[in-house]
Amino acid sequence: MSRYVSYRDFDWLLMGFVLLICGLGVMEIHSATMHTKFAGAHIKQIYWVVAGVGVMFLMSLINYQALLDQIHWFYIASVASLVAVLLFGTKALGAKRWIKMPGGNHFQPSEWVKLILILAMAKFFADMRQRELSWSDFFKAGAIIGVPMLLVLKQPDLGTALTYIPIAAMGMFLGGLQWRQGLAIFLVAAVGIGVVLYVPAISHHVLKGYQKQRLTSYQDPDSDPQGAGYQVKQSMIAVGSGGIWGGKGSQTHGAFLPIPQTDFIFAAFSEEHGFVGALGVLLLYFIVLMRLTQNAQTAPDRAGTFVVMGVVAVLSFHVLVNVGMVVGFMPVTGIPLPLMSYGGSSVLFMFLALGMVMNVRMRRFVN
Amino acid sequence: MFGRDEKVPAMRLTASQYIILGIFLILAYGLWRLQVMQSDYYSLAAEKNRIRNVPVLAPRGKILDREGRVIVDNYPSFSALLLRDSSRDLNADADLIAMGLHLNPDEVRARIKRFALMPQYQPIFLKEDITPDELQFIEAHRNELPELDTIMAHRRLYPRNGFMAHIIGYVGEVSDDMLNQPAFELYNPGDVVGISGVERQYNTLLMGKNGSRQALVDSKGREVGRLGETEAIPGKQLKLTIDLDLQIAAEEQLQGKNGAVVAMDPHTGEILAMASGPTFDPNDFAVRVSRDEWTKLVNDPDKPLLNKAIQAQLAPGSTFKIIMSVAGWQDHIAQDLHVNCAGGAEFYGRRFGCWVKGGHGAVDLEKAIYQSCDVFFYTLANKMGIDRIAKYATDFGLGQKTGIDLPNEVSGVMPSEEWKIRNFKQKWFAGETISVGIGQGAIAITPVQLLRAISTISMGGRMVVPHVINPVDMPPGYVEAARYTEVKQVPIDPNGWNFITDAMSRVLLPEGTAPSAHVPGIDIAGKTGSAQVVSLALRAKAKNQDDFAQNGWFVGFTPRRNPDIVVCVLFQGGEHGRLAARLATQVIKAYVDKQHRTPQKMVQQPKNGTVDIGGLWTAPGSDGDTDDLKAARFAVDLPKKKMVLATAAPGMN
């Protein structure tokens, strides 16, 4: 394997679009938090983005093949860290998601575990010896994702646990999922969701009260004007009042749109820049995703393709769930909009993931 | 062979791309639906959509003394607001507003200008704590000046001039630093919490919980609907163990002096009075303290913000001799020790002086206590060694926190060999033990520690935990009630207990060190202490000797065994323990006087009803023959009104 990796192969075009999205995010965070107690958050976000770019460059230096070879250790470590959170984590707002680090920072393992899972999936499917996914491999893949997912669900953090699913889904799909298996998943999922939501005995046991309320109230926001349904309703009002070209942002600024700088950043943006602006942002995300897919197609080996598509899956899922929530298609899940939502964990995770993509791309002539 | 280099089927990759495209089209449709198709509907909804969350404030709990007398209460304080979401011309009205609120009109206009960039729904605070006539003005001009409004908050009213300031503490807005601490996680910026004293220690109890009222307002700010209301939970009131009368006596004694006075019930550990001087007025903090005021208080060398009863760590001086006496007795050394005091003695090549230059002559333990002979205790300390002394001192709680329910108590220092190595990486020199014997040197304690140690000794070894709240008055499970009712028994030989407390009661007699503090009619036992702040030689050389004046200590109790009250006084710069003694005995006198004033519970005579009478009588006609007695009990009705005796002589009723 040649050591020659040049930065000409770095995907500057991709980074350009990514930074453009980040820039819009910073702008919107500034606008949304100007009069609130979070003012100045956009500065912090800039720091995160800069740190993220640095991390991305660093990540692209490591040969991803080497990472994949060691992935077993990383996987064990990540499962251990999730267990540690359950055992030793600090409880905040009713959930145990963080471990207190010396120095007063909080470490949220479930984000980093996502990255490890993408790599783990890639290795698993890259090492497969058949064209089609056998049932035993199917279950094995399910377990690889399932174990961390259950640990995260126990925290409880339904939103993050759900984001592990697209990793598995993409991996299986590209790895030769058979029609029958796909159908099986679909049926089990549909029945499972139905049972969990609507059979009281089970739903009581599995879902926490607020989780259940979130999932059911999205169908009928008026049923719960002050709770989860309220957030969706406010979001839709904000988006709708933006019209085609954008409005004055009274909802965002008037504190009617809850937490506009994180989960509902897209709503804030849509209110201020209207249909044109919102569609533009969606277009930017789409371009990023297509570019990523192209990098997957030119990857030097199976593993590389899986890695990149894993990132594509996670990114698409986030965008789908977040924007879907903002326009009222999906329930509130607490999933941020990558690159735009305020928050160090999310920004760093995205740039790490992009770093891995760069990693793959830069080695595409190797071999 | 299917291997690592086998590419992922291109068809599947393309399929993924189309799936993603599909997702985005769905999202775009979602946007279209809201922003193009139903745009008018949502714009209207946005206009109508103003929910105002008006907080319903919970009043903070009152603080009472042990008899239920109110010490700290709240008073309603009104602030004047200027609402800006109406269509009034605020600048034009500024003159009238300024006149009614006694403000400068230019200042009002400047403030309006400054706030121009803020969102319209945020009102401007014009004036806090407005007077009743200003309140009247606003009410009277509701029509002409609809943009003026008031909001009521409860403010804390503390006793004036810093009475009980250190125990009570004060409240303030929670600071950014505090918000970062885990204990304050659930508070929001702007919440008012206890910052020091009991206000802080029992903040959760006192604070209550604000409710809120959600009102729907239209773009004109008029209420068009009410969504809901959560009731406020008022704070619970706190009953202290402090006796207001004793507290007044203690504060009077400490007036104009630096130091502390603490009084405690030795059976239970209830603190009956606690004063620290100098003091500060917490009412100054209640609205908003100016930075200059705050800096002045913090930089004051007499440290008015410190509660010296629990935070002053100083050498105890001769009061420590009592602990030495008990220690020496338990080790069977002190009771038979006889020393000839000639005004000083030499140990390890150094001369250690006694405070009586000519010496006390022949001294035994009893005389050493009431005459406070240094040489005796030098000798005793030398015989025991620092580790034996430290063992007994720590048994009596010195060098450790007492666990009192006030924040920021300090632990003091009780030196030992292990302590020296751990903190200074040096060995303890036997010569250092000598000064510790008379309560100087490395030893440093707080008044409340000394109080507890002496209280334990006076109670024959019964050690309590001092507290200012009675655990019985707490809601179940709130305070670890068990912690404050914990009683430990420290072993003291009963003979030693008798001997030492008897010797202590001679301190206030003519042969003792504080005869001027004697109070006629009250048997007070105690010990004086005069603790040097720097060495005598150094002080002699100092320019202003007053800066290095000694601290006067006194601990006293009455009666001399199983006392009802123990008092400890620290008089900084008081030079001699007997001055501290005078303060303490006055407090004790106040206590005893109060006891005498309180009507004792006696069997009450029934005012109405019947009285039981028993009687023995001889049978009629038996001429008092006592062989045959009859007995019976009678229930006799008391006369309802005074009966005039028929046989009364004229003039006799």
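What to note about this one:
- Within segment A:153-201, the set of residues being modelled with pLDDT of 85 or more, of a type in the set (V, I, T) and assigned to a helix (DSSP H, G or I) comprises A:I165, A:I167.
- Residue list for segment B:289-321, filter: outside any helix (DSSP H, G or I), under 21 Å from B:A273 (Cα atoms) and among the hydroxyl-bearing types (S, T, Y): none
For (1) assigned to a loop (DSSP other than H, G, I, E, B); (2) touching a Ser or Thr at 6+ places or on another chain (Cβ under 9 Å); (3) at pLDDT 90 or above; (4) closer than 17 Å to A:L19 by Cα, each residue gets a yes or a no:
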site: A:F286; (1), (2), (3), (4): no, no, yes, yes
site: A:L289; (1), (2), (3), (4): no, yes, yes, yes
site: A:L292; (1), (2), (3), (4): no, no, yes, yes
site: A:P300; (1), (2), (3), (4): yes, no, no, no
site: A:V321; (1), (2), (3), (4): no, yes, yes, no
site: A:G328; (1), (2), (3), (4): yes, yes, no, no
site: A:P338; (1), (2), (3), (4): yes, yes, yes, yes
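- Per-region count, segment B:42-76, residues modelled with pLDDT of 80 or more and more than 7 Å from chain A (Cβ to nearest Cβ): 19
- Looking only at residues of segment A:277-306 that are within 15 Å of the chain's Cα centre (by Cα) and in contact (Cβ under 8 Å) with a residue 60 or more places away in the chain, we find that the one that is farthest from the other protein chains (Cβ to nearest Cβ) is A:V288.
- The set of residues from segment B:322-365 being assigned to a helix (DSSP H, G or I) and charged (D, E, K, R) comprises just one member, B:D336.
- Helices (runs of 4 or more DSSP H) contained entirely in segment B:154-208, each with at least 2 residues that are at pLDDT below 80: B:176-180
- Here B:D95 clears all of (1) within 8 Å of chain A (Cβ to nearest Cβ); (2) at pLDDT 85 or above except the condition numbered (1).
- Flag for B:S79 being surrounded by fewer than 19 Cβ atoms within 10 Å (Cβ to Cβ), at pLDDT 80 or above and polar (S, T, N, Q): yes
- Flag for B:A368 being within 30 Å of B:E511 (Cα to Cα) and in a helix (DSSP H, G or I): yes
- The lone criterion from (1) loosely packed, with under 10 Cβ neighbours inside 10 Å; (2) assigned to a loop (DSSP other than H, G, I, E, B); (3) at pLDDT 70 or above left unmet by B:R633 is number (2).
The values are calculated or read from the model by the stated rules, or taken from the named source; none is laboratory data. Note that the coordinates shown come from a computational prediction; the quantities given were computed from them, not determined experimentally. Cβ: placed from backbone, ideal geometry, glycine included. Neighbour counts: every protein chain shown.
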